Amino acid sequence: MKIEVTAFPRTQQGTGASRRLRTSGRAPGVIYGGNKTAQMVELDQNALLRHLKMEVFHASILDMTVEGNKEQVLLRDFQMHPWKAVVLHVDFQRIDKNKKIHMSVPLHFINAEIGPGVKLGGGVVQHVMNEIEIQCLPDDLPEYIEVDLKDMQVGDSIHIADLALPKGVAPMIKLQHDNPAVVTVQLPRTVAAEDEVAAPVTEITGQAPEAEAAAGAEAGKKDADKKEAGKKEADKKEAGKKE
């Protein structure tokens, strides 16, 4: 999917100039890289906000037009106002088609509802990651990477090395080395907690008859001792009366 972005040259710089720019409905930005000098630009706030709501805008090569000149760029960073729907600043990087780029690409999880771990085992899918860092040439950049969960059982995990990546796309070196989990299927916490509680109860129940028998024997012995002591006291009183 191609996304076209229109920007305009920005001549004024500084905090005050940027504030006035945002008040007028524009967002300050910069385009850098590609063996060219950085260029200060401004973009329409409303159009930029619409683009930022699109997932593909964050992980695609964008066609940027400035004064009729077109070049391909990547969205690299943007800052938002703390509570207003206002873009404070946005950064774009020019690309070289012959040089690899590093990007965060979203993960799309599919077939979770038909996986045996969920459908039959009552498990819950837990997303450890929602995006991964990849490296590839610009023409090989995918919009997203699919993660198929159709074969996952309860307790299963899918790791970085298990992902079916498009041709020419590879995880960053650190991810290749660490091979962390991307998604797992686990039992809900309430079910797991009930299972944990059930185990010791069963074990205690197995020992209960012996414990009860011992407690009963001890109680019987105490009752017998009390009866014997009472009988001896009664005999003493009876002997006193006779005297």
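The values are calculated or read from the model by the stated rules, or taken from the named source; none is laboratory data. What you see is a predicted model, and the numbers here were worked out from it, not measured in a lab. Note that we place each Cβ from the backbone using ideal geometry, even for glycine, and neighbour counts take in every protein chain shown. All accessible areas refer to the heavy atoms of the entire protein, side chains included, with ligands and DNA or RNA removed. Shrake-Rupley method; radii C 1.70, N 1.55, O 1.52, S 1.80 Å.
Per-structure values
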quantity: Residue-by-residue Karplus 3J(HN,Hα) for region 95-105, coefficients 6.51, -1.76, 1.60, Hz, glycine and proline x; calculated: 10, 10, 4, 9, 10, 5, 10, 10, 9, 8, 10
quantity: Ile3 long-range amide H proximity, modeled H, under 5 Å; calculated: Asp63
quantity: Within region 70-146, chymotrypsin sites (Phe, Trp or Tyr not before Pro) in DSSP loop having at most 16 other beta-carbon neighbours inside 10 Å; calculated: Trp83, Tyr144
quantity: Accessible area of region 39-137 divided out per residue, in Å², using a probe of 1.4 angstrom; calculated: 54 Å²
quantity: Gyration tensor (alpha-carbon) shape descriptor, region 1-84, a/c threshold 1.5; calculated: oblate
quantity: Potential lengthening between Leu165 and Lys150 on full extension [0.36 nm per residue; Cα-Cα distance subtracted]; calculated: 3.7 nm
quantity: Whole-percent carbon and sulfur share, accessible surface of region 106-166, 1.4 Å; calculated: 48 percent
quantity: Stretchable slack from Lys36 to His127, in nm (0.36 nm times residue separation minus alpha-carbon distance); calculated: 28.8 nm
quantity: Leu88, Leu21, reordered so the largest accessible area comes first (probe 1.4 Å); calculated: Leu88, Leu21
quantity: Asp44 paired with Glu67, simple spin-label distance in nm, labels 7 Å along Cα-to-beta-carbon; calculated: 2.1 nm
